[in-house]
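Visitor: Pasting a structure below so you can have a look.
The values are calculated or read from the model by the stated rules, or taken from the named source; none is laboratory data. Remember, predicted model here, so these are calculated numbers, not experimental data. Here the Cβ positions follow ideal geometry from the backbone for every residue, glycine too, while neighbour counts run over all protein chains shown. The protein model used for the area step is the full one, side chains on, heavy atoms only, and it has no ligands, DNA or RNA in it. Shrake-Rupley method; radii C 1.70, N 1.55, O 1.52, S 1.80 Å.
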Amino acid sequence: MMNTTIAITLAALLAASPARAQQQPAPAGPSGAPAPVQIPATPAGTAARAFMDAVNAGDSATLHAFVERHVSQTLAMGWTPARYEAMFGRLVRQSGGGLEPGRLMDQGDPNYLGVIFQTRSGGRIGVEFVADPADPARMKLIELHPMPPRGARPEFPQGKVDEATVAAAVARHVGAAAEADRFSGVVLLAHGSRIVHHQAYGMADREAGRANTLDTRIGTGSVPKMITGVAVAQLVEHGRLKFTDTLGAVLPDYPNEDARRHVTIHHLLTHTAGVGDPFLSPGYVRGTRYATPREWMALFAGEPLAFRPGERMQYSNGGYAVLAAVVERVSGQPFGEYVRDHVFRPAGMAVANLDAYRRLPWARGYSRPPETDPMGLEPRRSNEWMVGDHGPSTDLSGFGGIGLTAEDLFRFTQALREHRLLGAEMTRTVLEGKVDVGPGAPVKYAYGFYVAAFPDEHPTIGHSGGGSASGIGADVEMVGDWTLVVLSNYDLEQDLRPMAGPVLGFLARQ
């Protein structure tokens, strides 16, 4: 999927920050040792256990039988059962088998399960299982996420320290990751309105010998969901929309009657609407340009809702495409124009002048595609095969994708903090956690923002973006008085999170 779903994202966040992971102890068994992780007996869980058994068996006949029994014939993004079988065979060869579940995330949905497996050789791989609602015994998606092995705990100063010490510690940590080729991109760290570290690392285009610079546009994945959330809240603040409005009251031509009657703006903002995801639609064609929110909506809007609105949270890019269409209908402007006039310009973001922005340098993504390198062991490849050779998009879909600079994203957070985009009360409403991301998780979703709250720490408020094998990794977080912007042209889970997670934990303790 273009933007990774919640389970692996959250698990990687917790795993990447040792201090935070200590606050989430594994359940203990009778002897005091960690209890074995129990895969639930749900449709997705049954497939996960069968997948683990097939990989551990290691023979082609067992893998073929697993695919025959547990993989749907109706798959998204051009996948076929034969491609899955070939990928699983490569996983067997790279991992050596011996998979054991190390962490689970189910979102309370029996048709979804995310698992981080540990391998006999000490490696880790995240796998997401999504059942086909029409035939839950078969998976419509099994997505592999190469993950780095656990490394040594990063060293940061203990306790609260001064601004210069924080900046130096972060620079040292990021520099070490870049030196080891575990990070490439741009990092911006600010304390209040003051930028204390802003540096580019690595290559924007290896083939052309072009380095990343502070002005390099880098893909942001789902980060612009924050922008969509703010745009919707502006219309509410101005009395032109309500969070309680139904979809039918705003988009009477929306093709799903159930959605028109029962889905509200609040449901769409919090991923609790049950609408589909364009990347899981059989009609989605990778490499096709979908230039407007309605073009994205056409891929999924006619599908049945996955659950009763408000019943649970299920991350959906589609919900934010619908929100962009709502902004268009209520404002009377194309979504890109509205955001330019009411977000980019008031925030002083350079992207408001789109013609000039398109002339800025851009970074080509580099990834380890799990189809050919499921454990992430081989050299990274250009992501041109997935996104083309035209650089990051400048189209605004509502759910993400646009390429931005780190400084522009910092300007967005500053405008939000200083109430130049929303009044103080509406800003609090937008940034207040509304729904749990997962059972027992210390993370909630607000209106376009994640809110992570750990004991004795500042809340971490922001959004990440990217996905498996996308060559896109982005994270924008407000942590107390600190702001961290990380844009990378490497992968999110395998590269950016292990570097940025400990930094966020350090900042949250300041």
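Visitor: Only one residue in Asp481, Asp456, Asp436, Asp475 is touching a residue at least 12 places away in the same chain (Cβ under 8 Å) and either touching a helix residue (DSSP H, G or I) at 6+ places or on another chain (Cβ under 8 Å) or within 22 Å of Pro148 (Cα to Cα) (or both), so which one is that? I'd like the intermediate steps shown before the answer.
Guide: Working: Asp481 fails: either touching a helix residue (DSSP H, G or I) at 6+ places or on another chain (Cβ under 8 Å) or within 22 Å of Pro148 (Cα to Cα) (or both); Asp456 fails: either touching a helix residue (DSSP H, G or I) at 6+ places or on another chain (Cβ under 8 Å) or within 22 Å of Pro148 (Cα to Cα) (or both); Asp436 fails: either touching a helix residue (DSSP H, G or I) at 6+ places or on another chain (Cβ under 8 Å) or within 22 Å of Pro148 (Cα to Cα) (or both).
Within the list Asp481, Asp456, Asp436, Asp475, the selection yields Asp475.
Visitor: Might you let me know whether the range 366-383 holds any residue that is in a strand (DSSP E or B) and in contact with a Pro (Cβ under 7 Å, 6 or more places away or on another chain)? Before the answer, list the steps.
Guide: Within the range 366-383, the subset in a strand (DSSP E or B) is 366-367, 381-382.
From what is left, the residues that are in contact with a Pro (Cβ under 7 Å, 6 or more places away or on another chain) are 381.
Scanning the range 366-383 turns up at least one residue that is in a strand (DSSP E or B) and in contact with a Pro (Cβ under 7 Å, 6 or more places away or on another chain).
Visitor: Can you pull out the residues in the range 398-422 that are assigned to a helix (DSSP H, G or I) and open to solvent by less than 10 Å² (accessible area, probe 1.4 Å)?
Guide: First, pick out the residues of the range 398-422 that are assigned to a helix (DSSP H, G or I): 406-417.
Once the filter is applied, which keeps residues that are assigned to a helix (DSSP H, G or I) and open to solvent by less than 10 Å² (accessible area, probe 1.4 Å), the range 398-422 yields Ala406, Asp408, Leu409, Phe412, Thr413, Ala415, Leu416.
Visitor: What number of residues in the range 127-156 are charged (D, E, K, R), in a loop (DSSP other than H, G, I, E, B), loosely packed, with under 15 Cβ neighbours inside 10 Å and in contact (Cβ under 8 Å) with a residue 24 or more places away in the chain?
Guide: Here is the first cut: in the range 127-156, the ones charged (D, E, K, R) are 128, 132, 135, 138, 140, 143, 150, 153, 155.
Next, from what is left, pick out any that are in a loop (DSSP other than H, G, I, E, B): 150, 153, 155.
Next, only the ones that are loosely packed, with under 15 Cβ neighbours inside 10 Å stay: 153, 155.
If we keep only those that are in contact (Cβ under 8 Å) with a residue 24 or more places away in the chain as well, we get 153.
Number satisfying all stated conditions: 1.
Visitor: How many residues are outside any loop (DSSP other than H, G, I, E, B), more than 22 Å from Gln118 (Cα to Cα), touching a strand residue (DSSP E or B) at 6+ places or on another chain (Cβ under 8 Å) and among the hydrophobic types (A, V, I, L, M, F, W, C) if we restrict to the range 34-92?
Guide: Result for the range 34-92: 1.
Visitor: Here's something else I'd like to know. Out of Leu269, Leu214, which single residue is in contact with a strand residue (DSSP E or B) (Cβ under 9 Å, 6 or more places away or on another chain), farther than 23 Å from Leu431 by Cβ and at pLDDT 95 or above?
Guide: Numbers: Leu269 fails: farther than 23 Å from Leu431 by Cβ.
Unique residue meeting the criteria: Leu214.
Visitor: If you go through the range 310-342 one residue at a time, how many are modelled with pLDDT of 95 or more, touching a His at 6+ places or on another chain (Cβ under 7 Å) and surrounded by 23 or more Cβ atoms within 10 Å (Cβ to Cβ)?
Guide: Qualifying residue count for the region: 1.
Visitor: Here is a follow-up. Of all residues in the range 200-211, which are part of a strand (DSSP E or B) and out of contact with any helix residue (DSSP H, G or I) (no Cβ under 9 Å at 6 or more places or on another chain)?
Guide: If the condition is that a residue be part of a strand (DSSP E or B) and out of contact with any helix residue (DSSP H, G or I) (no Cβ under 9 Å at 6 or more places or on another chain), then Met203, Ala204, Asp205, Arg210, Ala211 are the ones that fit.
Visitor: Which one of Arg120, Arg93, Arg124 is among the basic types (Lys, Arg), touching a Lys or Arg at 6+ places or on another chain (Cβ under 9 Å) and either at pLDDT below 95 or buried (at least 18 other Cβ atoms within 10 Å of the Cβ) (or both)? Steps first, please.
Guide: On the way: Arg120 fails: touching a Lys or Arg at 6+ places or on another chain (Cβ under 9 Å); Arg93 fails: touching a Lys or Arg at 6+ places or on another chain (Cβ under 9 Å).
So the residue among Arg120, Arg93, Arg124 that is among the basic types (Lys, Arg), touching a Lys or Arg at 6+ places or on another chain (Cβ under 9 Å) and either at pLDDT below 95 or buried (at least 18 other Cβ atoms within 10 Å of the Cβ) (or both) is Arg124.
This table checks each residue for (1) modelled with pLDDT under 95; (2) in contact with a strand residue (DSSP E or B) (Cβ under 6 Å, 6 or more places away or on another chain); (3) at negative phi.
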residue: Asp395; (1), (2), (3): yes, no, yes
residue: Asp408; (1), (2), (3): no, no, yes
residue: Phe412; (1), (2), (3): no, no, yes
residue: Arg417; (1), (2), (3): no, no, yes
residue: Leu431; (1), (2), (3): no, yes, yes
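Visitor: Quick one: is Val187 under 24 Å from the mean Cα position of the chain (by Cα), farther than 30 Å from Ala298 by Cβ and buried (at least 23 other Cβ atoms within 10 Å of the Cβ)?
Guide: Working: under 24 Å from the mean Cα position of the chain (by Cα): yes; farther than 30 Å from Ala298 by Cβ: yes; buried (at least 23 other Cβ atoms within 10 Å of the Cβ): yes.
Taking the combined requirement at face value, the residue satisfies it.
Visitor: Between residues in the range 191-214 that are without any contact (Cβ under 8 Å) to a residue 12 or more places away in the chain and more than 20 Å from Ala415 (Cα to Cα) and residues that are assigned to a loop (DSSP other than H, G, I, E, B) and among the charged types (D, E, K, R), which pairs lie under 7 Å by C-beta distance while being six or more apart or on different chains?
Guide: Short answer, once both residue conditions are applied: none.
Visitor: Would you check if there is a residue in the range 192-199 being part of a strand (DSSP E or B) and surrounded by fewer than 15 Cβ atoms within 10 Å (Cβ to Cβ)?
Guide: Yes, the conditions are met somewhere in the range 192-199.
Visitor: Select the strands (runs of 3 or more DSSP E) contained entirely in the range 434-510, then report the ones holding at least 1 residues which are at pLDDT below 95 and either surrounded by fewer than 22 Cβ atoms within 10 Å (Cβ to Cβ) or under 16 Å from the mean Cα position of the chain (by Cα) (or both). Explain how you work it out, then say what you get.
Guide: Working: elements: 443-445, 450-452, 460-466, 473-479, 482-488.
The qualifying strands (runs of 3 or more DSSP E) are 443-445, 450-452, 460-466, 473-479.
Condition check ((1) modelled with pLDDT of 95 or more; (2) open to solvent by 50 Å² or more (accessible area, probe 1.4 Å)) across all residues:
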residue: Ser31; (1), (2): no, yes
residue: Ala35; (1), (2): no, no
residue: Pro43; (1), (2): yes, no
residue: Ala50; (1), (2): yes, no
residue: Val55; (1), (2): yes, no
residue: Ala61; (1), (2): yes, yes
residue: His70; (1), (2): yes, no
residue: Ala76; (1), (2): no, no
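Visitor: I've got another one for you. Please specify each residue of the range 235-263 satisfying the condition of being open to solvent by 10 Å² or more (accessible area, probe 1.4 Å) and part of a helix (DSSP H, G or I).
Guide: Scanning the range 235-263 gives Val236, Glu237, Gly248, Ala249, Val250, Glu257, Asp258, Arg260, Arg261, His262.
Visitor: Here's another thing I want to ask about it. For Tyr338, only one of the following conditions fails: (1) in contact (Cβ under 8 Å) with a residue 40 or more places away in the chain; (2) within 24 Å of the chain's Cα centre (by Cα); (3) closer than 17 Å to Leu396 by Cα. What is its number?
Guide: Exception for Tyr338: condition (2).
Visitor: Another question about this same structure. Taking the options Phe307, Phe279, Phe300, name whichever one is of a type in the set (Phe, Trp, Tyr), assigned to a helix (DSSP H, G or I) and modelled with pLDDT under 95.
Guide: Only one candidate passes the filter, namely Phe279.
Visitor: Please verify whether the range 157-180 includes one or more residues that are farther than 30 Å from Tyr320 by Cβ, open to solvent by less than 60 Å² (accessible area, probe 1.4 Å), more than 24 Å from the chain's Cα centre (by Cα) and of a type in the set (Asp, Glu).
Guide: Yes, that holds for at least one residue.
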